[in-house]
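The values are calculated or read from the model by the stated rules, or taken from the named source; none is laboratory data. The shown structure was predicted, so the numbers you read here are calculated from the model rather than taken from an experiment. Positions of Cβ are backbone-derived with ideal geometry, glycine not excepted, and every protein chain shown enters the neighbour counts. These area figures cover heavy atoms from the full protein model, side chains too; ligands, DNA and RNA do not enter into them. Shrake-Rupley method; radii C 1.70, N 1.55, O 1.52, S 1.80 Å.
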Amino acid sequence: DAKTTQPPSMDCAEGRAANLPCNHSTISGNEYVYWYRQIHSQGPQYIIHGLKNNETNEMASLIITEDRKSSTLILPHATLRDTAVYYCIVRKETSGSRLTFGEGTQLTVNP
Amino acid sequence: NAGVTQTPKFRILKIGQSMTLQCAQDMNHNYMYWYRQDPGMGLKLIYYSVGAGITDKGEVPNGYNVSRSTTEDFPLRLELAAPSQTSVYFCASWGTGSYGYTFGSGTRLTVV
């Protein structure tokens, strides 16, 4: 699976959009971009995933560049409860293929 | 629908003791995984299973054993506990049609 690079930490004001970048320059054509988050020692939680089109669900939006070498997770109106470590993971979409976690980005939402 | 249930939530072991961390899921997922997370670090895969009777090693399998006799259960066995195994252990599952892994709430293990 391709390696990802994320900033170690970011801050965001409550109510503003949080934009979390991820670089995956070695991604291959059959690899998806997944985002998970981990709120203070809880189990990671799936947020969203995509292949090449932008995706949106009730939690977030995922913007993938046209060359697929980078992506951005957008939390449109961050709340204090969004403070967490966010992991960007690239994974082949084969049945049950393993998730490999990096260090992620610690997002702190400030009041 | 409970999802993934891990027991116990906390445990303190003495060096050399053994224990089994329990993981059960009620979603009929074929795939199950054990991760460990050391303080301030990302998760590392210990073992995984693609179905009952089938298991395989992940990145950091030394000092651990697993079994998968049923679809629902995937226990992790620690033999001869060492301080280096002090960590938080997460179990996860995935099934066809699922968007992402479902994780349990973790077992915090301290070896002293």
(request) Return the pairs, sorted by first residue and then second, in which the second residue is assigned to a strand (DSSP E or B) and open to solvent by less than 50 Å² (accessible area, probe 1.4 Å), the first residue lies in segment B:54-67 and is small (Gly, Ala, Ser) and at pLDDT below 95, the beta carbons are less than 7 Å apart, and the residues are 6+ apart or on different chains. (result) B:58/B:45; B:58/B:46; B:58/B:47; B:58/B:48
(request) Please enumerate the residues belonging to segment A:12-32 that are in contact with a Leu (Cβ under 8 Å, 6 or more places away or on another chain) and open to solvent by 70 Å² or more (accessible area, probe 1.4 Å). (result) A:14, A:19
(message) Cβ contacts < 6 Å: first residue assigned to a loop (DSSP other than H, G, I, E, B), restricted to segment A:27-48; second residue surrounded by fewer than 21 Cβ atoms within 10 Å (Cβ to Cβ) and among the polar types (S, T, N, Q), any location; separation 6+ or different chain. Result?
(response) A:43/B:105
(message) Can you find, within segment B:90-99, the residue that is farthest from residue B:77 (Cα to Cα) among those that are open to solvent by 10 Å² or more (accessible area, probe 1.4 Å) and facing chain A (nearest Cβ under 8 Å)?
(response) B:99
(message) Could you check segment A:8-21 and list, in sequence order, the residues that are away from chain B (no Cβ under 14 Å) and not in a loop (DSSP other than H, G, I, E, B)?
(response) A:10, A:11, A:12, A:13, A:18, A:19, A:20, A:21
(request) Inspect all residues belonging to segment B:47-70 and state whether any of them is open to solvent by less than 10 Å² (accessible area, probe 1.4 Å), within 14 Å of chain A (Cβ to nearest Cβ) and under 26 Å from residue A:86 (Cα atoms). (result) yes
(request) Please verify whether segment A:61-84 includes one or more residues that are more than 30 Å from residue B:10 (Cβ to Cβ), surrounded by fewer than 22 Cβ atoms within 10 Å (Cβ to Cβ) and within 14 Å of another protein chain (Cβ to nearest Cβ). (result) no
(request) Kindly indicate the residue of segment B:24-46 that is open to solvent by 60 Å² or more (accessible area, probe 1.4 Å) and within 9 Å of chain A (Cβ to nearest Cβ) and also modelled with the highest pLDDT among those meeting that condition. (result) B:44
